[in-house]
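Everything below concerns the one structure shown next.
Only the coordinates and a few stated rules stand behind these numbers; no lab work does. Values in this document were obtained by computation on a predicted structure and should not be read as measured data. When we count neighbours, we look across all protein chains shown, and the Cβ atoms used for this are built from the backbone with ideal geometry, even at glycine.
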Amino acid sequence: MAGTTLKIDISGRGGSYEIAIANGSISRVGSWAKQHSGKVARKIIVVSNTTVFPIYGGFVAEQLRSAGFEVGTWQLKDGEVHKNWRNVEKALNAFAAFDLSRTDAVVALGGGVVGDLAGFAASIYLRGVPFLQIPTTLLSMIDSSVGGKTGVNSSAGKNRVGSFYQPSGVLIDTGLLKTLPPREITAGLCEAVKQGVLSGRELFKTTSDFLSRYPVAEMSKNFGEREFGNAIDSLVAAQVGFKASIVRGDERESTGRADARSRKILNFGHTLAHALEKVTSYKHFKHGEAVGYGILYAAELSKMLALTDDKVVNLLYDVVHRTGRLPSLSGIDPEEVVEAFRFDKKQVAGSLQMILIKGIGKPAIVNGDGIPRSTHIRALKHLFKKHQS
């Protein structure tokens with residue numbers, strides 16, 4: 001089967017894992033799991049949600065059983081609001097009820113919520129059991145399934161509780177994207193734009209050209225076409241390649257680094273995104289949609305701080321708008337959003353680390369203490385004025 005395989009080597013730990021990318025790869029999930037779950041694994045528990053499992057869960061479980069595993073399943077409800085402590089405890093109880101041992105494995109079958117929660121639960125159950133990722137959304141394929149960040153939301157903020165816990169393998173089947181609703185495609189494409197901005201002109205152009213060639217509103221019609229399949233495979237592989245390159249060099253997001261290859265740069269667009277999600281109780285935005293707004297806010301703020309110019313800002317507005325329609329910002333108070341910044345997990349020594357830009361491929365890590373609150377409010381009001389309908 002044609003496809004791309006990328007390898008992530010974790011420096012200082014002697015570990016590595018593979019990310020396999022291919023349309024139709026779900027058909028070999030049994031042999032893949034056998035290869036990556038460890039030589040003595042007897043049991044696998046599939047963690048999924050109530051949207052994804054009815055579509056793919058039965059097939060995956062059947063393939064795993066055919067490969068010789070005893071298979072258990074556990075599902076949570078769909079949505080960011082369900083990525084919480086309560087469901088972590090339920091997942092841990094399901095692992096225990098299935099009598100999962102330290103040599104058995106957990107498989108995450110779903111989007112970022114499923115992957116984050118399942119990975120976190122796997123990291124703390126018996127102090128760590130093997131964990132496999134099968135992402136089913138575009139956002140989770142290019143971002144959250146790669147790099148080992150796991151965690152849950154709490155009253156303290158988005159992903160404030162979590163761990164670095166690398167998967168033993170990642171299986172990306174781009175064919176699974178055909179069942180996604182348009183909002184999920186938009187969410188993933190916003191994350192793709194974010195990574196393109198950070199990476200440089202080549203990945204940014206690849207992403208921008210894809211959006212021009214395949215309008216989101218018509219994308220569902222293209223699945224099954226070979227040309228489109230090749231294009232989405234190439235886009236996903238390029239996006240994953242960039243994310244992997246950053247993770248290899250800074251697995252645990254070193255607090256002491258402030259260079260353009262620090263893992264911190266991947267938080268571009270996320271300061272506003274996490275704040276928007278928090279003030280709307282994780283119910284109004286898909287994570288990637290909030291990131292879309294976060295990209296534009298960071299661009300506006302960068303311009304106000306004289307880091308970049310109108311040309312770059314206008315370019316980002318154009319490309320983000322091509323990802324699809326984002327939810328309205330009507331009714332959201334900019335003051336409340338800025339107040340939510342203090343819950344952001346990117347605090348270092350009491351100061352918020354802002355990821356801004358000087359241009360395409362030129363991220364800048366800026367100490368938030370030097371940015372007046374009034375400047376944040378002004379940038380937000382400018383953004384909100386354009387997106388309140």
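Remarks
- Its Cα centre serving as origin, the chain has a Cβ charge dipole (Lys and Arg +1, Asp and Glu -1) of approximately 420 debye.
- Two-decimal log10 I(q)/I(0) for region 165-208, as the Debye equation yields it once each C-alpha is a single scatterer, q = 0.15, 0.25, 0.28, 0.33 Å⁻¹: -0.54, -0.93, -0.92, -0.98
- Charge-dipole axis of the chain as Lys and Arg at +1 and Asp and Glu at -1 on Cβ define it, positive-most pick from 374, 131, 217: 374
- DSSP beta bridges in the chain [antiparallel fraction, %, rounded to 5]: 50
- Under the Debye formula (equal points on every Cα, no solvent term), log10 I(q)/I(0) of region 42-124 at q = 0.14, 0.15 Å⁻¹: -0.41, -0.47
- Debye, to nearest 20: dipole size of region 182-386, +1 on Lys, Arg Cβ, -1 on Asp, Glu Cβ: 200
- Here, P(r) means the percent of Cα pairs in each 10 Å bin from 0 to the largest distance; for region 4-179 it is 11, 44, 38, 8, 0.
- Neighbour counts of other Cβ atoms within 10 Å put 173, 233 in the fewest-to-most order 233, 173.
- Gaussian network model of the chain, Cα within-10 Å springs - most flexible of 111, 57, 38: 38
- Other-chain or far-sequence residues with amide H under 5 Å of residue 52's (modelled H): none
- Estimated 222 nm signal from helices in the chain, with DSSP H stretches of n ≥ 4 weighted -39500 (n - 2.57), rounded to 500: -13000 deg cm²/dmol
- Taking other C-beta atoms within 10 Å as the exposure proxy, 179, 5 rank 5, 179 from fewest upward.
- Simple point charges give the picture: +1 on the Cβ of Lys and Arg, -1 on the Cβ of Asp and Glu, and for region 103-247 a dipole about the Cα centre of about 360 debye.
- For region 182-386, the relative contact order works out to 28 percent when only alpha carbon pairs closer than 8 Å and six or more residues apart are counted.
- Phi-based couplings in Hz for region 181-196 (Karplus 6.51, -1.76, 1.60; Gly and Pro marked x): x, x, 4, 5, 5, 4, 4, x, 5, 4, 5, 5, 4, 4, 5, x
- Mean separation of Cα pairs under 8 Å and 6 or more residues apart, divided by the residue count, gives region 249-318 a relative contact order of 24 percent.
- Equivalent ellipsoid semi-axes - Cα gyration tensor, region 182-386, angstrom: 27, 20, 15
- What the Kirkwood sum gives for region 81-148 is a hydrodynamic radius of 12.0 Å, with every pair of different alpha carbons counted.
- Cβ crowding within 10 Å ranks 357, 124, 172 as 124, 357, 172, fewest other Cβ atoms first.
- For region 112-175 versus region 54-94, the gap between their alpha-carbon centres in whole angstrom: 13
- Helix axis angle, 201-213 relative to the chain longest principal axis, alpha carbon, degrees: 80
- Ordering 8, 176, 145 by the projection of their Cα atoms onto the charge dipole of the chain, which places +1 on the Cβ of Lys and Arg and -1 on the Cβ of Asp and Glu, puts 8 at the extreme positive end.
- D (Stokes-Einstein, µm²/s), Kirkwood Cα radius, the chain, 1.002 mPa s at 20 °C: 102
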